[in-house]
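Single-structure report; data block below.
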Amino acid sequence: MTRVFSGIKPTGHLTLGNYLGAMRRWAADDQYRSDALFCVVDLHALTVDHDPARVRRLSRQSASLLLAAGLDPEQCTVFVQSHVDEHARLSYVLECVATDGEMRRMIQYKEKAAREQRRGGSVRLSLLTYPVLMAADILAYGTDEVPVGDDQTQHVELARDLAVRFNQRYGHTFTVPRATGPAVAARVMNLQDPVSKMGKSDDAGPGIVYLLDEPDVVRKKVMRAVTDSGQDVVYDREERPGLANLLEILAACAGGDPAELAGAYDSYGALKKDTAEAVVEVLRPVQERHRALSADPEYVDGVLREGAERARGMARPTVDAAYRAIGLLAPV
Ligand code: AQP
């Protein structure tokens, strides 16, 4: 059976981008057709300036939202990365296969390092090596497919390169994974800055729709979305990014094709109104389930405990094999 792995970073409140670009497909498709693991990748949240209590809180909230989005612990494994030591163990070994040049070429590193510097902070070494830890997350489980949004494909490419290189140097150890992406909403853009991704750790603002935003807040944010100059509604990602983003969000939430939907509107106002309602409807059941789960923290704890145990059992043989292959002595 195909092995699928993907994760979500507790660096902020989860957004519509996380949901449409990743979580929704994990719940609707991946968990049923594959042997899937979904992880709250909390170690990755330490790569930028962070508040420890907030990371802990967001890790629980993210786990609860994964379940609220429809992940079923009977169908897939849901766990927290730091509960399974194998991720960090394998990451070090992969650092011995990756190169400094490869790390510095990562687009997300360049963007996030620049942001940390803009905010007056220093760039943590772990931000540079973060893609190696992500490669370890993936390779530890013999993953075939990594369902991610567009922004993560370069990191999955790195995981592929490291797997191939390790296998060539030290003997076949890792499955070579590949990224799979959604057809629409592969990249949901910021409503106020439609050439930038809607990211959960961006400075909070009206351009980001959070999964737990109240319906009226969602409506306000969508109605205030930046649109492009011009009157006609057309789908053109390059020239009219604001409109294209709204059309893609509408298509992802209500169905249809962004270019065809454009033909159905003759005003920006009507498009925004329908988009806002479509988003509210998509978020409603997730918010309801999240409320119910918040009232039952023991259930979420139990899911995470069992998930970590299962994940450990799956990762350990591969990580042990990598240790032996690269030349480390087995414990005596
Ligand atoms: N705007 C987006 N559009 C489509 N997909 C997205 N994803 C994230 N933002 C968008 C997808 O969500 C999954 C989990 O993402 P992540 O938590 O690993 O972090 P990320 O990709 O770095 O997303 P963020 O929200 O922008 O977090 P920060 O701001 O902390 O970096 C991934 O599959 C991602 O593709």
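Each value in this text was obtained by applying a stated rule to the coordinates, not by laboratory testing. In this text the structure is predicted, and so the values were computed from the model without any measurement. Because the Cβ atoms are built from the backbone with ideal geometry, glycine has one as well, and the counts that use them run over all protein chains shown.
Taken one residue at a time, the phi angles of segment 77-90 give Karplus couplings (6.51, -1.76, 1.60, θ = phi - 60°) of 9, 10, 7, 10, 3, 5, 7, 10, 4, 4, 4, 5, 4, 6 Hz. Gly and Pro are set to x.
Is segment 62-130 best put as rounded, prolate or oblate by its Cα gyration tensor, with a ≥ b ≥ c the root eigenvalues, rounded for a/c under 1.5, and otherwise prolate when a/b is larger than b/c, oblate when not? It is oblate, given that a/c is not under 1.5 and a/b is not larger than b/c. Annotation: the residues 281, 157, sorted from fewest to most other C-beta atoms within 10 Å of their own C-beta, follow the order 281, 157.
Taken about its Cα centre, segment 186-332 carries a charge dipole of about 600 debye when Lys and Arg each add +1 at the Cβ and Asp and Glu each add -1 at the Cβ. Each of 312, 25 was scored by other Cβ atoms within 10 Å of its Cβ. Arranged with the fewest first, they read 312, 25.
Axis of helix 241-254 versus longest Cα principal axis of the chain: the two differ by about 80°, to the nearest ten degrees.
Annotation: amide H-H contacts under 5 Å for residue 9 (H modelled 1.01 Å from N, sequence separation of 5 or more, or interchain): 41. When the Cα atoms of segment 191-332 are aligned to their principal axes, the ranges along those axes come out at 74, 41, 30 Å in descending order. Along segment 124-137 the Karplus relation, 6.51 cos²θ - 1.76 cosθ + 1.60 evaluated at θ = phi - 60°, assigns HN-Hα couplings of 6, 4, 5, 5, 5, 8, 3, x, 6, 5, 5, 4, 5, 3 Hz to successive residues, with x for each Gly and Pro.
Of 134, 106, 223, the sequence from fewest to most neighbouring Cβ atoms within 10 angstrom is 223, 106, 134. Per residue, the Cα convex hull of segment 232-292 amounts to 73 Å³. Across segment 275-280, computed HN-Hα scalar couplings (Karplus, 6.51 cos²θ - 1.76 cosθ + 1.60, θ = phi - 60°) run 5, 4, 5, 5, 5, 4 Hz from first to last residue, x flagging Gly and Pro. The simple spin-label model puts a point 7 Å past each Cα toward its Cβ; for residue 320 and residue 238 those points are separated by 5.5 nm.
Given their separation in residues at 0.36 nm each and the Cα-Cα distance between them, residue 257 and residue 107 gain 51.1 nm when the chain is fully extended. The length gained on full extension between residue 196 and residue 164, counted as 0.36 nm times the residue separation minus their Cα-Cα distance, comes to 8.3 nm. The Cβ shell under 15 Å around residue 98 holds other residues with a net charge of -1, Lys and Arg each +1, Asp and Glu each -1.
Once backbone amide H atoms are built at 1.01 Å from N, residue 80 has 40, 308 as its partners under 5 Å, excluding neighbours fewer than 5 places away on the same chain. The loop-placed GluC sites (Glu not before Pro) in segment 47-142, going by DSSP, that have at most 14 neighbouring Cβ atoms within 10 Å of their Cβ come out as 74. Taking every pair of distinct Cα atoms and averaging 1/r, then inverting, what Kirkwood hydrodynamic radius in Å comes out for the chain? Computed over Cα pairs of the chain, the Kirkwood hydrodynamic radius comes out at 20.7 Å.
Restricting attention to the chain, close to 10% of DSSP beta bridges with both partner residues there are antiparallel. How much length, in nm to one decimal, is gained on full extension between residue 125 and residue 299, taken as 0.36 nm per residue of separation minus their Cα-Cα distance? The residue 125-residue 299 span can extend by a further 59.0 nm. Just add up the charged neighbours of residue 306: K/R +1, D/E -1, any other residue whose Cβ is under 14 Å from the Cβ of residue 306. Here the count lands on -2. For the chain, adding -39500 (n - 2.57) for each run of n ≥ 4 DSSP H residues and dividing by the number of residues yields -16000 deg cm²/dmol at 222 nm.
Less than 5 angstrom separates the built amide H of residue 36 from those of 4, 77, all sequence-distant by 5 or more or on a different chain. Under 16 Å of direct C-alpha separation, and excluding same-chain neighbours fewer than eight residues apart, residue 197 reaches these lysines: 9, 110, 112, 221.
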